[in-house]
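What follows is one structure encoded as structure tokens, with my remarks underneath.
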Amino acid sequence: MLNKQRAVGITKIMAGKLNGYRILILETREEAQFARLLTEQGAEVMQCPMFIIQDAPDTAPIEAWIARFIETPCDDLVLTTGEGVRRLLKLARRMNLEPAFIGALGTTRKYARGPKPGRALREIGLEPQATTEKPTSEGIAEMLSLLDLHGHRVGLQLYPEKDHSTLIGAISGQGAEVDAVEPYVYDARAADANILAAVDEMAQGRIDAIALTSSGQIRRLIEVAKAHGCEDRLREGLKRTPIASVGPVVSAELKSSGLRTDIFPANEKYFMKPLISAMAAELGKKAPRSSTTKPS
């Protein structure tokens, strides 16, 4: 087992709405930002890296997509993650095509799945034409259903560990040609020890809440626990630990895995800050576990 202090990255700061509460996060894309927002509210954050993000091992299809986009920009471009935008720009830079790629991006209508792709676009001086109210594939499909896409070529930036066939089918069903690209992969190697440490902390009642921001985190937790013969211990730990879900996709995955959602953002605002507000409101009903239980 890894040294817990090194593996989970515990951080304490000044008092706030979550002062004294110990929150487990399994963030994989914007771990630092989520941890910072939590610690600003006084939480003690236990970070458990699930996997790391890497460039796709075979860049040839992505390079071809970038070259194709520059030569003939798509009529519409759907961007699902800020990470995807930045990885495409990084590869275009390595190809000595970044200015041409940014220029082509400026000529197409861009649609963002939630705020993160929009932030990445603003870093290069661009803006999305529209952003989904719901940062989900269903939200994208709903937004695009209001547009006339017949005869359009629609670029679609995908992300790993997700079956995108329904979204692709919805766009194709509107008479559009879908040109998809997946610019990065997840690497789960060497993360098992961190996950097992997190399972142990929950099982011993040392975590006030676990905050989940993607459905892949749930699948990964269960996958690692099964592989190491401790799924029962994981489920027991989750029974005694409040589970905070960022949105409906995560909650649906929890339900399909026989788990529950205890904390959920209000008013269909499925982002980090509303999730943190919901956690503060719910956890504030009881004293932090750290006030009665100390790690041995």
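Can you name the residue in the range 175-208 that is out of contact with any strand residue (DSSP E or B) (no Cβ under 9 Å at 6 or more places or on another chain) and part of a loop (DSSP other than H, G, I, E, B) and is also most open to solvent (accessible area, probe 1.4 Å) among such residues? Step by step, filter the range 175-208, then rank; the result is Q204. Taken over the range 68-103, residues that are farther than 12 Å from G155 by Cα, open to solvent by less than 10 Å² (accessible area, probe 1.4 Å) and of a type in the set (S, T, N, Q) amount to 1.
Among the criteria (1) at pLDDT 95 or above; (2) closer than 12 Å to L26 by Cα; (3) of a type outside the set (D, E, K, R), the one I218 does not fulfil is (1).
Of all the numbered requirements in (1) modelled with pLDDT under 95; (2) out of contact with any Cys (no Cβ under 9 Å at 6 or more places or on another chain), P183 misses one, and that requirement is (1). Restricting the range 21-40 to residues that are of a type in the set (S, T, N, Q) and either in contact with a Ser or Thr (Cβ under 6 Å, 6 or more places away or on another chain) or crowded, with 20+ Cβ neighbours inside 10 Å (or both) leaves a set whose member that is modelled with the highest pLDDT is T39. If you go through the range 221-239 and keep only what is under 18 Å from I23 (Cβ atoms) and at pLDDT 95 or above, you end up with L234, G237, L238, K239. Scan the range 80-109 for residues that are charged (D, E, K, R) and either under 24 Å from E161 (Cβ atoms) or touching a Ser or Thr at 6+ places or on another chain (Cβ under 9 Å) (or both) and the total you get is 5. Residues in the range 221-234 that are touching a helix residue (DSSP H, G or I) at 6+ places or on another chain (Cβ under 8 Å) and either open to solvent by 70 Å² or more (accessible area, probe 1.4 Å) or of a type in the set (A, V, I, L, M) (or both): L221, I222, V224, A225, A227, H228, R233, L234. Looking across A281, A244, A211, A287, one residue alone is assigned to a helix (DSSP H, G or I) and either among the basic types (K, R) or at pLDDT 90 or above (or both). It is A281.
Quick grid of which residues meet (1) charged (D, E, K, R); (2) open to solvent by 10 Å² or more (accessible area, probe 1.4 Å):
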position	(1), (2)
E161	yes, yes
G169	no, yes
G173	no, yes
I243	no, no
P248	no, yes
E253	yes, yes
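Scanning the range 255-277 for residues being open to solvent by less than 30 Å² (accessible area, probe 1.4 Å), out of contact with any strand residue (DSSP E or B) (no Cβ under 8 Å at 6 or more places or on another chain) and either assigned to a strand (DSSP E or B) or modelled with pLDDT of 95 or more (or both) gives a total of 1. Here L18 fits the description: aliphatic (A, V, I, L, M), farther than 30 Å from H228 by Cβ, at pLDDT 90 or above and outside any helix (DSSP H, G or I). Looking at the range 73-130, the helices (runs of 4 or more DSSP H) lying wholly inside it that each contain 3 or more residues that are modelled with pLDDT under 95 sit at 115-122.
Among the residues of the range 47-59, are any touching a Leu at 6+ places or on another chain (Cβ under 9 Å), open to solvent by 20 Å² or more (accessible area, probe 1.4 Å), under 13 Å from Y184 (Cα atoms) and modelled with pLDDT of 95 or more? So far as the range 47-59 goes, yes, one or more of its residues are touching a Leu at 6+ places or on another chain (Cβ under 9 Å), open to solvent by 20 Å² or more (accessible area, probe 1.4 Å), under 13 Å from Y184 (Cα atoms) and modelled with pLDDT of 95 or more.
Exactly one residue among R153, R122 is without any contact (Cβ under 8 Å) to a residue 24 or more places away in the chain and more than 30 Å from I222 (Cα to Cα), and that residue is R122.
The values are calculated or read from the model by the stated rules, or taken from the named source; none is laboratory data. No experiment lies behind these values; they were computed from the predicted model shown. We place every Cβ from the backbone using ideal geometry, glycine too, and count neighbours over all the protein chains shown. For the accessible areas, the whole protein counts, side chains as well, though only heavy atoms, and no ligand, DNA or RNA atoms are used. Shrake-Rupley method; radii C 1.70, N 1.55, O 1.52, S 1.80 Å.
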